[in-house]
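Step one of this worksheet: look at the structure below.
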Amino acid sequence: MIEPTRREVLAATGGVTAIAATGAIVSEASASQPAVTTPGVLDLYVNEGLVRMVDDSLVYMRGFGATPTDIASPRPSLRISPQVFLADGRLVSSRSYPIGAALPKEGRPDPLAPHPRLPGQYLIRRRYWASYFPPRTIVAEVGSTVRLRVHNRLKRAHQLRIDGVADTGPIAPGGTVTLAFKAPVAGTYIYHDPGGKSVERILGLHGVFVVVDPAQRWELAAGRAEFERQWVWLCQDVDPVWGARARAGQVIDPVATPPVPRYFMLNDRSGFRSLGVSDDAVDSRTALEESLPSGSTRDFDVRAFSVGQVAANVGTGQMIRLVNVGAVVHQMHFHGNHVWTLRRNGADFPRLAGHVDVEGHAVLQQWEDVVELDQMDRKEIMLPIRRPPEVPERTWAARDEDWEYPMHCHAEPSQTAAGGLYPGGLVAHWTLAAPGPRVAHAHETFPSQAAFASNQPHEGSPETLFPETPTKTFLRKFFNRRLVFPDGAEHEIWSFEDETSGRRFPAPLIRVTEGDMVHVKLEPSKRVHTIHHHGMEPDPRNDGVGHTSFEVTGSYTYQWRPDLGVPADPNNGASGLYFYHCHVNTVLHVQMGMFGPLIVDPIVHPAFPLAPGARRSFIDGPLYDIATETLLVPYALDPRWHTFEHAAGLSGEDVGLNRFDPKFFYVVGGLLNGPAGTADVASPRQLRANLPGTGHPTLFRMLNANYFPSRARFTDTAGKPVEMAELIAHDGRAFRDTSRPGQPSRPVRDVGHPLRTDAIAFGAAERYDMLVHPPYRGTFLFHVDFTHWVTGRVLATRTIPVVAS
Ligand SMILES: [Cu+2]
């Protein structure tokens with residue numbers, strides 16, 4: 001129980017304006033009295049309170065609120081509604097911007113007109129729609145003066161900082177500091193309390209500061225990425241233990257006692273509330289408006305959405321400002337469409353002359369289906385809202401309802417709440433509107449996260465709609481078995497087998513060619529499972545996600561057709577490395593081993609023929625040596641999780657699925673075209689790489705099947721870094737020159753800008769294809785550092801020799 005403070009009691013009974021007893025609270029800070037306001041000045045109150053989580057538990061948090069409230073308040077003010085500082089000097093309280101622009105109903109912009117050539121596709125309205133913003137957003141136009149008055153109502157010093165822009169400095173308890181500054185250059189910023197390093201930010205003292213050029217209100221910045229509408233996605237993680245300690249007045253050392261997040265939010269919502277399917281209709285509509293992208297299918301060209309470059313009938317997408325104020329590294333995975341990455345932390349990615357930075361991240365505008373978001377990162381991306389490329393023709397033509405695609409963090413422990421309740425964490429979705437007039441649609445709603453998590457739609461053996469004659473077929477049957485790993489350890493593994501693979505790990509390769517009609521038949525045995533072909537983008541029924549289609553008890557045949565590549569075309573082509581995995585209680589089932597590699601080979605174009613013993617990884621990509629093509633998959637294992645049953649946590653029992661504590665670390669995979677091994681677990685003891693001049697180069701394909709970030713490094717035997725990797729593709733998309741609208745987009749390696757590196761940083765579910773260029777004959781070392789998602793600490797390193805000959 002929470003004891004009401006003396007102040008609350010007085011306020012409730014008589015309306016007291018000043019309490020001087022503690023000497024710490026200024027007189028205007030009474031809960032029953034509106035604070036004094038000044039036109040043009042935004043008041044922010046450093047408050048504390050109890051916040052309801054998605055499982056209805058209350059957690060102590062702090063925040064920058066709009067009015068003074070106290071710990072006992074049933075509705076503490078810990079965040080402001082969106083506010084806009086206009087260049088003309090006004091401060092306007094508005095959920096939408098630009099002020100006066102048309103409001104998209106349920107957040108979804110209506111199209112301008114049907115596309116003149118492409119059936120089921122539309123032209124969009126340019127520079128027309130307003131965007132809704134979530135609470136905590138402060139928008140400022142370039143040219144405005146931002147005036148903030150920050151009131152510290154707590155017992156210790158607090159602070160508001162926008163890194164590199166403005167800072168109140170420490171504000172004493174009871175104190176007020178006014179800050180006035182010119183809006184900086186257009187972009188996305190974080191305001192936060194830097195106290196205790198990450199502590200005050202993670203406790204809730206954070207928000208987003210968006211700066212817009214009033215002459216370019218539908219662009220990221222002048223000449224940078226025009227959008228149809230925009231979104232802010234704030235990623236937040238909550239540790240109730242930290243909250244309790246903070247409430248008790250303890251000083252928290254984030255290094256000695258790192259946070260263990262138990263709740264994961266996007267724009268202050270988790271799970272079924274994020275997805276707009278709670279029975280709170282107002283909150284669900286608000287979630288649609290401010291968090292869940294939606295629109296009509298449009299033609300899209302990544303070279304063409306910068307200002308002044310949008311060609312006739314070619315659309316642009318919806319821009320999302322991804323902001324991570326949380327405690328962990330998030331991995332934002334989009335189903336249905338890859339997204340185009342524009343900028344990180346205010347620095348625009350180049351379109352041609354890219355590089356790999358010191359962290360090991362590729363710095364280049366590119367397609368991704370998983371966007372890594374480190375703590376305090378701000379990344380702007382474009383969601384194209386285009387036809388999902390792997391939908392067969394008849395399925396597309398018959399589309400008569402909205403198609404919903406998940407977005408979730410692939411650092412899967414973030415998909416939980418209170419230690420289970422999958423999918424109860426950092427989730428969203430986006431919607432491809434049905435063709436034709438807007439139809440009101442009723443979603444099933446749920447009274448609780450437990451009801452949602454434990455009532456995903458099940459179907460026995462649903463039929464594959466619009467079945468086509470397959471050109472490639474695969475069978476994937478569930479199995480569970482104890483397997484012996486290369487270190488001699490035995491672990492209970494759940495995975496998939498086919499007719500001949502035997503019960504081994506990882507699950508057998510699915511290898512197809514662009515344009516194939518692919519059928520993958522799932523037989524889940526006695527329990528419910530699905531297959532999500534990660535990075536393949538078919539219609540929702542074939543996407544393998546329970547809450548947007550169904551979970552399978554009997555059998556189901558997934559159908560999809562990988563998109564055809566075109567030389568020098570950055571918009572088409574699906575060749576590259578993917579993986580497939582179960583999407584039921586995903587956090588557990590993927591860790592248990594329910595995944596396998598998926599490779600799409602390109603079709604052969606006459607201008608880019610093959611050679612004996614060689615293949616290309618994309619249509620106009622370099623030839624590589626088939627004999628040494630190698631799969632490398634970092635996989636860490638938490639043995640505690642390997643004792644769980646299939647539905648662990650779904651009914652709300654706390655099984656600690658937010659706590660991934662790996663004790664075993666492996667690099668699985670190996671030669672892709674060698675003889676099938678007989679070991680339980682395929683794991684290379686030695687790698688081979690061709691020397692330049694001794695045939696075609698070797699291709700390594702890396703997939704991070706771990707939940708935490710990894711770093712791959714190449715060194716010589718003395719440990720000295722060797723820049724012998726050349727990154728050629730990421731998440732199934734080639735790195736290309738997209739700098740010239742209307743012009744061919746050749747691979748960056750062919751226009752003088754290869755992405756050479758000795759280190760590659762990649763988080764959960766990210767994939768890289770790389771050529772290996774050993775500088776001389778001899779032995780090199782390939783290392784994988786397994787790091788922690790909160791602390792960044794290296795938990796383990798695995799090293800494999802690379803023999804160059
Ligand atoms: Cu499963």
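The values are calculated or read from the model by the stated rules, or taken from the named source; none is laboratory data. The structure presented is a predicted model; accordingly, all values stated were derived computationally and were not measured. Don't worry about glycine lacking a Cβ; one is built from the backbone with ideal geometry, like all the others, and counts go over all protein chains shown.
Please tell me if PRO597 is outside the structural domain of VAL328 (by TED's automatic domain parsing) and either within 16 Å of the ligand (Cβ to nearest atom) or surrounded by fewer than 23 Cβ atoms within 10 Å (Cβ to Cβ) (or both). In short, no.
From the list ASP661, ASP625, the one residue that fits, being in contact with an Asp or Glu (Cβ under 7 Å, 6 or more places away or on another chain), more than 22 Å from VAL370 (Cα to Cα) and among the acidic types (Asp, Glu), is ASP661. Does the stretch 346-367 include one or more residues that are over 29 Å from HIS783 (Cα atoms), of a type outside the set (D, E, K, R) and under 12 Å from the mean Cα position of the chain (by Cα)? No - not one qualifying residue is present in the stretch 346-367.
In this structure, SER525 qualifies as farther than 23 Å from GLU766 by Cα and either of a type outside the set (Lys, Arg) or crowded, with 22+ Cβ neighbours inside 10 Å (or both).
Kindly check whether there is at least one residue in the stretch 537-544 that is outside any helix (DSSP H, G or I), within 22 Å of the chain's Cα centre (by Cα) and under 26 Å from LEU727 (Cα atoms). Looking for residues that are outside any helix (DSSP H, G or I), within 22 Å of the chain's Cα centre (by Cα) and under 26 Å from LEU727 (Cα atoms), one finds at least one in the stretch 537-544, hence yes.
Residues in the stretch 710-754 that are polar (S, T, N, Q), in a loop (DSSP other than H, G, I, E, B) and within 26 Å of the chain's Cα centre (by Cα): THR738, SER739. Residue check: is THR416 more than 16 Å from the ligand (Cβ to nearest atom) and not charged (D, E, K, R)? So THR416 fails the test.
Could you list all residues from the stretch 515-531 that are within 25 Å of ALA676 (Cβ to Cβ) and either within 16 Å of the ligand (Cβ to nearest atom) or among the charged types (D, E, K, R) (or both)? Matches in the stretch 515-531: ASP516, VAL520, LYS521, LEU522, GLU523, PRO524, SER525, HIS529, ILE531.
Only a single item in (1) within 16 Å of the ligand (Cβ to nearest atom); (2) under 24 Å from SER549 (Cα atoms) is not met by ILE510, and it is number (1). In the set (1) within 22 Å of HIS408 (Cβ to Cβ); (2) at pLDDT 95 or above, the condition left unmet by ARG481 is number (1).
Number of residues in the stretch 469-502 that are without any contact (Cβ under 8 Å) to a residue 40 or more places away in the chain, touching a strand residue (DSSP E or B) at 6+ places or on another chain (Cβ under 7 Å) and away from the ligand (no atom under 16 Å from the Cβ): the value is 4.
Set side by side, the residues ARG561, ARG482, ARG541, ARG527 differ, and just one is in contact with a Gly (Cβ under 9 Å, 6 or more places away or on another chain), assigned by TED's automatic domain parsing to the domain that holds LEU598 and of a type in the set (D, E, K, R), which is ARG561.
Please enumerate the residues belonging to the stretch 770-790 that are outside any strand (DSSP E or B) and surrounded by 15 or more Cβ atoms within 10 Å (Cβ to Cβ).
Of the stretch 770-790, the ones outside any strand (DSSP E or B) are 773-777, 788-790.
Matches in the stretch 770-790: HIS773, PRO774, HIS788, TRP789, VAL790.
State whether one or more residues within the stretch 634-645 are closer than 26 Å to VAL339 by Cα, under 24 Å from the mean Cα position of the chain (by Cα) and of a type outside the set (Ser, Thr, Tyr). Checking the stretch 634-645: at least one residue is closer than 26 Å to VAL339 by Cα, under 24 Å from the mean Cα position of the chain (by Cα) and of a type outside the set (Ser, Thr, Tyr). Taken across the stretch 333-343, residues that are of a type outside the set (Ser, Thr, Tyr), more than 24 Å from GLN415 (Cα to Cα) and assigned by TED's automatic domain parsing to the domain that holds ARG136 do occur, with at least one present.
Applying the selection to the stretch 549-585, what residues are outside any strand (DSSP E or B) and within 16 Å of the ligand (Cβ to nearest atom)?
Start the filter on the stretch 549-585 by keeping residues that are outside any strand (DSSP E or B), which leaves 549-550, 553-555, 561-575, 582-585.
Passing the criteria: SER549, PHE550, THR553, GLY554, SER555, CYS582, HIS583, VAL584, ASN585.
Might you check whether a residue that is away from the ligand (no atom under 16 Å from the Cβ) and surrounded by 23 or more Cβ atoms within 10 Å (Cβ to Cβ) occurs anywhere in the stretch 601-609? Scanning the stretch 601-609 turns up at least one residue that is away from the ligand (no atom under 16 Å from the Cβ) and surrounded by 23 or more Cβ atoms within 10 Å (Cβ to Cβ).
Please work out if ARG767 is crowded, with 24+ Cβ neighbours inside 10 Å, touching a Phe, Trp or Tyr at 6+ places or on another chain (Cβ under 8 Å) and among the basic types (Lys, Arg). Answer is yes for this residue. Checking each residue in the stretch 212-253 for being part of a loop (DSSP other than H, G, I, E, B) and either aliphatic (A, V, I, L, M) or within 25 Å of the chain's Cα centre (by Cα) (or both) picks out ALA215, TRP218, ALA222, PHE227, GLU228, ARG229, ASP239, ALA248, VAL251, ILE252. Cβ-Cβ distances below 7 Å connect the following pairs, each with a first residue in the stretch 108-129 that is closer than 24 Å to ALA440 by Cβ and among the charged types (D, E, K, R), a second residue that is in a loop (DSSP other than H, G, I, E, B) and modelled with pLDDT under 95, and a separation of six or more residues or different chains: ASP110/ARG438; ARG125/LEU112.
For first residues located in the stretch 642-658 and among the polar types (S, T, N, Q), partners that are away from the ligand (no atom under 16 Å from the Cβ) and in a loop (DSSP other than H, G, I, E, B) and lie 6+ apart or on another chain with Cβ distances below 6 Å form the pairs ASN658/ARG262; ASN658/GLY419.
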